[in-house]
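Quick note: the coordinates plus some simple rules give every number you see, no bench work behind them. In this text, all values refer to a predicted model and were calculated from it rather than measured experimentally. Reconstructed Cβ throughout: ideal geometry from the backbone, glycine too, with neighbour counts over all protein chains shown.
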Amino acid sequence: MKALEDKILAEGKVYEGNILKVGSFLNHQVDTHFLMEMGDEIARLFKDSGVTKIVTIEASGIAMAVAAAYKMGIPFVFAKKHKTNNISGEVYSSIIHSFTHDTEYTIVISREFISKDDRILIVDDFLANGCAVNGIIDIINQAGAKVVGVSAAIEKAFQNGGDNLRNTGIKVESLAVIESMDNGTIIFRK
Ligand code: 5GP
């Protein structure tokens with residue numbers, strides 16, 4: 001999505017450890033008009049996929065999920081981050097390793113909100129190593145539902161999460177795909 005690439009170049013800041021900050025329009029302050037344009041694009045990309053529900057992870061995925069779900073006319077569910085391993089039987093759970101923060105955390109989704117008939121689109125703000133998405137896929141599999149695809153606003157392709165998912169046959173459509181950002185210079189995949 002050319003408009004997103006332009007916005008990343010104009011407003012994004014590259015930090016040590018290959019972290020891109022887009023706090024001016026997505027991760028801290030939110031540009032709601034632009035958010036809805038990204039939602040439109042995701043809705044267009046998955047319009048024929050029979051998606052019944054979007055799933056994301058709190059907190060940073062929620063804005064993208066609101067926009068996409070609203071434009072598709074379907075609900076979204078956000079996995080909650082859980083600090084303890086004291087998980088009740090009423091939820092599906094999975095453990096995720098965060099390279100960004102070098103921590104492990106558990107995500108949970110109530111069993112009541114995913115059923116085996118659901119066709120799920122996973123939406124997030126960033127797709128890097130793919131750990132967050134794989135945790136969601138684990139939960140979707142536990143529920144016996146179908147993963148229809150993955151859509152991130154920004155994919156950092158040099159961390160391979162997106163391509164690893166594509167290699168398993170999952171449709172991955174990121175709105176901007178960054179090939180490299182060495183020395184702070186952002187290069188997009190053609
Ligand atoms: P993954 O699990 O694919 O390695 O990382 C995805 C998650 O880590 C996203 O949900 C996002 O919140 C966070 N993340 C990964 N890389 C970045 C980044 O460069 N910038 C920001 N703001 N978040 C990131």
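Any lysines with Cα under 16 Å of the LYS7 Cα? List them, leaving off those in the same chain fewer than 8 positions away. Within reach: LYS21, LYS156.
With a threshold of 25 Å on the Cα-Cα distance, the over-threshold entries among LYS13/LYS53; LYS47/LYS146; LYS13/LYS146 are LYS13/LYS53; LYS13/LYS146.
Overall, segment 66-128 carries a charge dipole of about 120 debye about its Cα centre when +1 sits on the Cβ of Lys and Arg and -1 on the Cβ of Asp and Glu, all other atoms neutral.
About its Cα centre, how strong a charge dipole does segment 24-163 have in debye, to the nearest 20, once Lys and Arg get +1 and Asp and Glu get -1 at the Cβ?
Working: 12 positive and 17 negative charges, 66 e Å.
Once rounded to the nearest 20, the dipole reads 320 debye.
Across segment 157-163, rounded Karplus estimates of 3J(HN,Hα) from the backbone phi angles (6.51 cos²θ - 1.76 cosθ + 1.60, θ = phi - 60°) give 4, 5, 9, 6, x, x, 5 Hz, Gly and Pro being marked x. Taking 0.36 nm per residue of sequence separation and removing the Cα-Cα distance, the ALA59/LYS80 pair yields an extension gain of 6.7 nm.
Pair-distance distribution P(r) for segment 104-190, from all Cα-Cα distances in 5 Å bins starting at 0: 3, 14, 24, 22, 16, 11, 5, 3, 1, 0 percent.
Here's the picture: charge each Lys and Arg Cβ at +1 and each Asp and Glu Cβ at -1 in segment 60-178, and of ALA176, VAL91, THR106 the one pushed furthest to the positive end of that dipole is VAL91. Once the chain from THR103 to ASN18 is taken as fully extended at 0.36 nm per residue, the excess over their C-alpha distance is 28.9 nm. Karplus-derived 3J(HN,Hα) values for segment 139-153, using 6.51 cos²θ - 1.76 cosθ + 1.60 with θ = phi - 60°, are 5, 4, 5, 4, 7, x, 8, 10, 8, 8, x, 10, 9, 10, 5 Hz; glycine and proline are entered as x. Entry note: the chain has Rg to Rh equal to 0.95, where both radii use alpha-carbon atoms and Rh is the Kirkwood radius.
Based on C-alpha pairs under 8 angstrom that are at least 6 apart in sequence, segment 53-145 has a relative contact order of 33 percent.
In deg cm²/dmol and to the nearest 500, what is the mean residue ellipticity at 222 nm of the chain if only DSSP H runs of at least 4 residues count, each as -39500 (n - 2.57), divided by the residue total?
After summing the helix terms and dividing by the residues of the chain, the value is -9000 deg cm²/dmol.
Which net charge results when you count Lys and Arg as +1 and Asp and Glu as -1 among the other residues whose beta-carbon is under 14 Å from that of ALA3?
Values: positive: LYS2, LYS7, ARG44; negative: GLU5, ASP6, GLU11, ASP31, GLU37, ASP40, GLU41.
Residues close to ALA3 contribute a combined charge of -4.
Distance from the C-alpha centroid of segment 20-76 to that of segment 123-189: 14 Å, rounded to the whole angstrom.
Short version: what are the Cα gyration tensor semi-axes of segment 29-111, square root of 5 times each eigenvalue, largest first, in whole Å? Each step should come with its number before you reach the end.
Values: eigenvalues 143, 53, 20 Å².
In descending order, the three semi-axes are 27, 16, 10 Å.
Could you state the angle between the C-alpha long axis of helix 2-11 and the longest principal axis of the C-alpha atoms of the chain, as a value from 0 to 90 degrees rounded to the nearest 10? Roughly 70 degrees between the two axes.
Think of the chain as having a plus end and a minus end, set by charges on the Cβ of Lys, Arg, Asp and Glu; of ALA79, TYR15, GLY144, GLY144 sits farthest toward the positive end of this dipole.
How high is the relative contact order of the chain, in percent, with contacts defined as C-alpha pairs under 8 Å that are six or more residues apart?
Values: 372 pairs, mean separation 35.1, N = 190.
The value is 18 percent.
For a quick check of your reading of the filter: which GluC sites (Glu not before Pro) in segment 1-82 sit in a DSSP loop and have no more than 14 other Cβ atoms within 10 Å?
On the way: sites: GLU5, GLU11, GLU16, GLU37, GLU41, GLU58; in loops: GLU16, GLU58.
Counting only loop positions with at most 14 other Cβ atoms within 10 Å, the GluC sites (Glu not before Pro) in segment 1-82 are GLU16, GLU58.
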